[in-house]
Structures are given as C-alpha cells and as structure tokens.
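Quick note: the coordinates plus some simple rules give every number you see, no bench work behind them. In this text, all values refer to a predicted model and were calculated from it rather than measured experimentally. Counting neighbours? That spans all protein chains shown, and the Cβs are built from the backbone with ideal geometry, glycine included.
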Amino acid sequence: MYRTHTCGELRAENRDQTVTLAGWVQKIRNLGAMTFIDLRDRYGITQLVVEEHSAEEVRRAASELGREYVVRATGKVVERASKNDRIPTGDIEVVLSALDILNASQTPPFTIEDHSDGGDELRMRYRFLDLRRNPLKNAMILRHRMAHEVRNFLDGRGFLEIETPYLIKSTPEGARDFVVPSRMNPGEFYALPQSPQTFKQLLMVAGYDRYFQIVRCFRDEDLRADRQPEFTQIDCEMSFVEREDVLATFEDMAKHLFRSLLGLSFEGAFPRMTWAEAMEKYGSDKPDIRFGMTFRDLTDAAKGKGFGVFDSAEYVGAICAEGCAGYTRKQLDALTDFVKRPQVGAKGMVYVRCEADGSFKSSVDKFYAQEDLAAWAARCGARPGDLILILSGARKQTLSALCELRLEMGSRLGLRPNDRFAPLWVIDFPLLEWDDETQRFYAMHHPFTAPKAEDIALFDTDPGRVRADAYDFVVNGMEIGGGSIRIFDSALQHRMFRVLGFTDEEAEKQFGFLMNAFKFGAPPHGGLAFGFDRFCSLFGGADSIRDYIAFPKNNSGRDVMIDSPSTISAAQLDELALGIKPQRAE
Ligand code: ASP
C-alpha cells in the first residue's frame, strides 16, 4: 500500500496511529541527532521525524534524500512538543519506522515555494513543477470548483451539456482562424472554432432549448497581456426567450457562483447601463463601477474664451478626484506623462485645483475667470479640496483617454480593491461598427445578433444607429461574458449579411448551412458566453488568466515546455499536399 492518509490529513486525534504517507520531499533539516522532513502532496505538508535510534535503513534512506524526491514513509503519529499553527497538520509529526525512496529527483531549477525564485520563462518551461506550488494548485482547485458549480447550477435549470466539433468551418467572432489542413481532402482546411456559435444555434433549431458547454475556443489574435490563443468559455443558448429571460437566468448563475465560491451575496438585481451611457460616463463599454468619478462634459462651458486647445476640440471632458487638490507639481506632471503615453493618446492635461478657501487654481488661469472655473466645478460636483482633471480633443479618442486616466486615478486612490466586486450588465450595444480604414460596417458582436425590433426601420436609412439586443456581463472593468438575442429569420439574416458587405454568394458559401437550417422552423433564441478563465482569475484576485490555465502559452503564443509550434517533416507536408514558402529576409 502506498498510503493510508494524505499529507494534509493528520491531526492530534490521530496520535498513536501507525500511518503511511507518500509524497514529495519539500524540505530536509538535519539537526545531527534528528532529521526533520517536510513531506508534501496535493493536500498539504506533514512533518516526518527520523531519530537517532531509528532503524539503520531509515537513517540511511533519510541521508540520501534530496528536494522533490518521491518517498513512502511509515511511522507513528505523535503530538509535537512545539506546535506549528501555520499549517493544519502542525500539531503532529510522524516518527518513522520505514522510509522508501520511490524515485529520486534532479534538483528543481527553482524553489517549489509560494514565492518562487524562478523567472516566468523558466517556470513556464517546467510548468509541471510550477503546478506543484500552492498558488497554482489553488488556482486549479478554484477552476475545478467553478466548473463544478456551473454544471450544478445549469443542470438544476434543465440545461444539457452537449459537445460540438472542433474541426469546423470559420465562425465570425472577429479574430483570425486557426486552420488545420485536411489530408483526405488535399488543399482543403478545417478551421478551429472561435466559438461554438453556429452549432449552438443549430442545436436550438434541433429543439435542445437549453444548451451549455464548457468549451475550448481558438482565436489567432495578437496576444495582449491577458489573451490566450486557446481559452475556455461557458457557452450557453436558450430557445423561446427574450433578453430578460437570458439575463435573469445568468444573473442567477453569477450570483450562485459568487455565493458558493466566495461566500458573497448581492442585494437586489445587478445594475444595468446602456452602452451609450457607459461610453458617455466612463468612456468604456466595460466600466469599472467600484468607484464613481464619472465623466462630466465641459465642451460648451469651456469654449469661446480664447483657449485654442478647447476651442478647437470636439469634446472637453472632466473627472473630479476627491481630496486631491494638494497634488504637487510633480504628481501632476506624472499624470500628464501618463495621459501622453501612446496607449492613452491624449495631447495634454488641464487641471483645476479647488482650494480650501473656495478659490480655484488652474493650468489655464490665463483664459478663464474664477466664475468660469466655479461653473466647471459646479458641473463636476467638485468641492473645496478636490482636483478636476480635464482632457480634450476628438470625442472618441478623448473618451477613451479619460477612461484610462479615471482608472489610473482610481488605482492611485485605492478605489479598486480586488476583493470588492461590482458586477453590471451593459445593454443595447450598437449592432454595427463603422471601420474607416476598410470603409465598411462590421458586426459589433457577431453577424447573428438581432437588431432591437424598434430599430429595424433604420437598417436601410442609418445602419450605424441600429441598436442590438446584445448584452455584456462586466465586473470590475472586465468583460466576463457577452451575448445576444439572435436573428432567427433567414430573410433578416440575409439583410444583415448584405449590410456587412457580404454578397449573397459569399454569405451562402460561408453560412449557407445556417440559413438553410433556419428554413426548417428555427425557434426564437438567444444566449451568451462567459470567459471561463477570466471568471476564475476574477474570483482568484489575479490579474492574469494564465495562472488559471494548467498549460498556457507565453506572450508569443508558444508553449515553451513542449516547444510548440514547431516544424513538421517533409513527409507530413507531402501527405497534406502543402509546401512552405521560403521566408522573406527581414
Ligand atoms: N459566441 C459569442 C462569443 O464568443 C457569445 C455569444 O454570442 O453567445 O463572444
């Protein structure tokens, strides 16, 4: 027998029992007469003791141990003289009567401790060792529990988990497809699903009115910090539903997860905000509403006093940082540098200090009288002691820069603690997004999203103003989920494809299967998908989804542990009827 107990299990009640444990050697302390060994497995750490009068074989085995050796240890549980209250097994230790080395280990390239000395790249290469560490282990446990609770909840609501294929045809979620060559059909390719979108809609046509799947999705995107080329969604779809039905169901699911995994309850319904309001007040379709500091439009108030920057701006917007009037020149310069970063993109920043005596001091005093500044302050709801920060320029860019500035101020002021959760639904997204570069509309969500009934008339006259029955679930400034009510009528779907610039032939070629299915009695339907990895990282309080994926890719999309992607042999290429173009010299 390899073990009678795990390394996290024994307590004072087990005293005098003879037990066998198996695990990895975390630490060895040789004190001459006695040797202490910390033995670790998934469940915890137990202290083993080898004494001076222990059997010769036991002492010899103990002297040969190194870090991460795999051993089996048998002995008697005794209560410790000096207890360790930092670990659950700290009241006891096991005095060994037998010790077998099951396997030796090379010295690990970094320490297997909560705070490891290994760099990112090294730990990625030895991910199997990194996964032995508590922070990653706890992330995997959280992920498992979240998946379990999702299944629990959805099963209770009558949802069926149904798998959909990975080798498919392009799905339009707005990224590039990963493609897989078909050996049996030379010159033809499968695409890996960016999401199961079209399949879940086909399942609705098939009558499976409540579907879900915890499913891998593949998107060939340039990797920003928090993206992975393959990631997991909680993908869901329902038939005979309106928006309210979908939101109610998944608000309940989110609340169930908050309660069962974090012990948090929310009073009442999650707030809702239209996309237009989110953009106007927060400059973002995923506002962080853990704190206020919403935007105030100063455009009309700021113009016409001879300050060229504001006079020529399409939009002048402000935020009010409470209690920050005392910011030093240096702090203000740092903020100006922040907004001027290319990622933020503002040209400069104007400030107004609301002094304790009720007067105002600003970087544009030359152009504005005290009454002007007082009017701005009133509009911003600023009180003495507050600091008003103003950005200006083209509307879209300025809203986005002000959003960054607001988040930065929120962080500086400690208003974004990651143990506070502020969920909301953002609703009524625009259906389409105009792209200046290609001079055409793109679907803001995806082409199967239904326009709001009252906006359908605008389709032919002013498509840019059509709102969609689409919604996002946002928590703490992160998009955790999103979905929509779908088009279920093939004529409207055809109209949508036309607005998106597809010819009828192109639409037929790419999505004919769906259009065809819609001719056989498609029910009204809608759904959404949650980013499962991100949901986990939100609950775990981490910035990165990477920690919640057992074997993630690095920032260049590589798996450095298995060294992938990699080349394939000439024979394989041949079999696939593929050739590799010579690389152009840089
Ligand atoms: N397929 C969508 C996505 O991946 C979600 C949905 O509309 O249900 O974002």
The stretch 1-138, Kirkwood Rh and Cα Rg, ratio Rg/Rh at 0.97
The base-10 log of I(q)/I(0) that the Debye equation returns for the stretch 544-586 at q = 0.22, 0.28 Å⁻¹, one scatterer per C-alpha, is -0.84, -0.98
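Packing-wise, with mean Cβ within 10 Å as the measure, how do 147-155, 189-197, 404-412 rank, highest first? Intermediate results must be reported in sequence, preceding the final value.
On the way: 147-155: 16.6, 189-197: 21.6, 404-412: 19.4.
Ranking the peptides 147-155, 189-197, 404-412 by packing returns 189-197, 404-412, 147-155.
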On the formula 1/(1 + (r/R0)^6), with r taken between the Cβ atoms of ASP462 and SER105 and R0 of 51 Å, the FRET efficiency rounded to 0.05 is 0.15
In whole Å, largest first, the alpha carbons of the stretch 398-447 cover along the principal axes 42, 24, 14
Rounded to whole angstrom, the alpha-carbon centroid of the stretch 350-387 lies from that of the stretch 97-127 at a distance of 59 Å
Working note, the stretch 205-278: Cα radius of gyration (Å, one decimal) and Dmax (Å, whole number) are 15.9, 40
Scoring the stretch 70-167 by relative contact order with C-alpha pairs under 8 Å, at least six apart, yields a percentage of 18 percent
Taking the alpha-carbon centre of each part, the distance from the stretch 188-253 to the stretch 1-50 in Å is 46 Å
With -39,500 (n - 2.57) per DSSP H segment of 4 or more residues and division by the full residue count of the chain, the 222 nm estimate, nearest 500 deg cm²/dmol, is -8500 deg cm²/dmol
Here, ASP436 and ALA12, labelled 7 Å along Cα→Cβ, have an inter-label distance in nm of 7.2 nm
Taking every DSSP bridge whose two residues both lie in the chain, the antiparallel percent to the nearest 5 is 95 percent
Percent of all Cα-Cα pairs per 10 Å bin for the stretch 174-326, counting from 0 up to the last occupied bin, reads 8, 19, 28, 21, 15, 8, 2, 0
Expressed in Å to one decimal, the Kirkwood Rh of the stretch 96-222 from all distinct alpha-carbon pairs is 19.0 Å
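Which semi-axis lengths, in whole Å and largest first, follow from the square roots of five times the eigenvalues of the Cα gyration tensor of the stretch 264-350?
Details: eigenvalues 158, 68, 34 Å².
Semi-axes, largest first: 28, 18, 13 Å.
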Relative contact order in percent for the chain (Cα pairs under 8 Å, 6+ apart) equals 13 percent
Given unit charges at Cβ for Lys, Arg (+) and Asp, Glu (-), the dipole magnitude of the stretch 130-210 about its Cα centre in debye, nearest 20, is 380 debye
On the formula 1/(1 + (r/R0)^6), with r taken between the Cβ atoms of ARG176 and ARG495 and R0 of 30 Å, the FRET efficiency rounded to 0.05 is 0.70
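Can you give the extra length, in nm with one decimal, that the chain gains between PHE520 and LEU223 once fully stretched, where that is 0.36 nm per residue apart less the Cα-Cα distance? Don't skip to the end; give the middle numbers.
Details: separation 297, 0.36 × 297 = 106.92 nm, distance 4.02 nm.
Here the answer is 102.9 nm.
How much length, in nm to one decimal, is gained on full extension between ALA33 and HIS148, taken as 0.36 nm per residue of separation minus their Cα-Cα distance?
Going from the current span to full extension adds 36.6 nm.
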Taking the chain and a Cβ-Cβ threshold of 4.7 Å, the cysteines left without a partner are CYS7, CYS217, CYS236, CYS324, CYS354, CYS403, CYS536
The simple spin-label model distance between THR274 and ARG3, using points 7 Å out along Cα→Cβ, in nm, is 5.8 nm
Diffusion coefficient in µm²/s returned for the stretch 125-188 by Stokes-Einstein, Kirkwood Rh over C-alpha pairs, 37 °C and 0.692 mPa s, is 203 µm²/s
Honestly the stretch 42-85 on the Cα gyration tensor test (a ≥ b ≥ c root eigenvalues; a/c under 1.5 rounded, otherwise a/b vs b/c for prolate or oblate) is just oblate
Given the candidates GLY156, ASN138, GLY174, the one whose Cα lies deepest towards the positive end of the charge dipole of the stretch 132-182, counting +1 at each Lys or Arg C-beta and -1 at each Asp or Glu C-beta, is ASN138
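What ratio of Cα Rg to 2.2 N^0.38 Å holds for the stretch 356-447? Mind showing how you got there, number by number?
Working: Rg = 18.9 Å, N = 92, 2.2 N^0.38 = 12.3 Å.
Expressed relative to 2.2 N^0.38 Å, the Cα Rg reads 1.54.
Dividing the Cα convex hull volume of the chain by residue count, how many Å³ per residue is that? Before the final figure, lay out each step's value.
Numbers: hull volume 145.1 nm³, N = 586.
With only Cα atoms used, the chain gives 248 Å³ per residue.
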